[in-house]
Amino acid sequence: MTTAVRSCAATSCSFNHDGCNALAITIAGAEAQPTCGTFVQLDARRPMTGEASSVGACHRMECSYNSDLVCTAEGIEVTDTANCATYTVS
Ligand code: SF4
């Protein structure tokens with residue numbers, strides 16, 4: 001099972017071209033809101049792939065969707081500040 005990146009509003013990211021076009025992303029960070037570790041601003045823009053990106057790994061084990069470092073949500077949404085908006089702690 002893969003978790004799709006359903007939407008990403010971080011348009012300043014080099015992988016964002018009408019949404020995320022990285023083959024897979026890693027969610028990480030130690031802040032209150034998990035951040036996308038794949039976010040980068042380079043003098044390049046990844047072309048559109050035509051396929052939804054997926055969550056390849058997630059470091060945030062306290063999230064309810066995290067199972068052995070794998071995201072089990074059907075999909076996630078990423079905010080304009082590259083945070084995982086689907087992050088849930090019960
Ligand atoms: S929903 Fe939870 S487990 Fe899935 S990527 Fe976001 S923080 Fe990680």
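Read-outs throughout are calculated quantities, based only on the coordinates presented, and are distinct from any laboratory measurement. Computed from a predicted model, the values in this text were never measured in an experiment. Virtual Cβ from ideal backbone geometry, glycine too; neighbours counted across all protein chains shown.
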Q: Residue by residue through the stretch 41-85, note down the ones that are in a loop (DSSP other than H, G, I, E, B), closer than 18 Å to Phe15 by Cβ and either within 7 Å of the ligand (Cβ to nearest atom) or small (Gly, Ala, Ser) (or both).
A: Ala44, Gly50, Ala52, Ser53, Ala82, Ala85
(Q) I'd like the full set of residues that are without any contact (Cβ under 8 Å) to a residue 40 or more places away in the chain, within 8 Å of Ser53 (Cβ to Cβ) and either in a strand (DSSP E or B) or hydrophobic (A, V, I, L, M, F, W, C) (or both), limited to the stretch 1-24. (A) Phe15, Ala22, Leu23, Ala24
**Q.** Residues satisfying the stated conditions in the stretch 53-81, i.e. under 11 Å from Ile25 (Cα atoms) and either among the small types (Gly, Ala, Ser) or loosely packed, with under 15 Cβ neighbours inside 10 Å (or both)
**A.** Ser53, Ser54, Gly56, Ala57
**Q.** Every pair of residues 6+ apart whose Cβ atoms lie under 6 Å, when the first sits in the stretch 61-72 and is closer than 12 Å to Tyr87 by Cβ while the second is of a type in the set (A, V, I, L, M)
**A.** Glu62/Val89; Tyr65/Ala73; Cys71/Val55
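Restricting the search to the stretch 28-40, which residues are within 15 Å of Cys8 (Cβ to Cβ) and away from the ligand (no atom under 11 Å from the Cβ)?
The answer is Thr38, Phe39, Val40.
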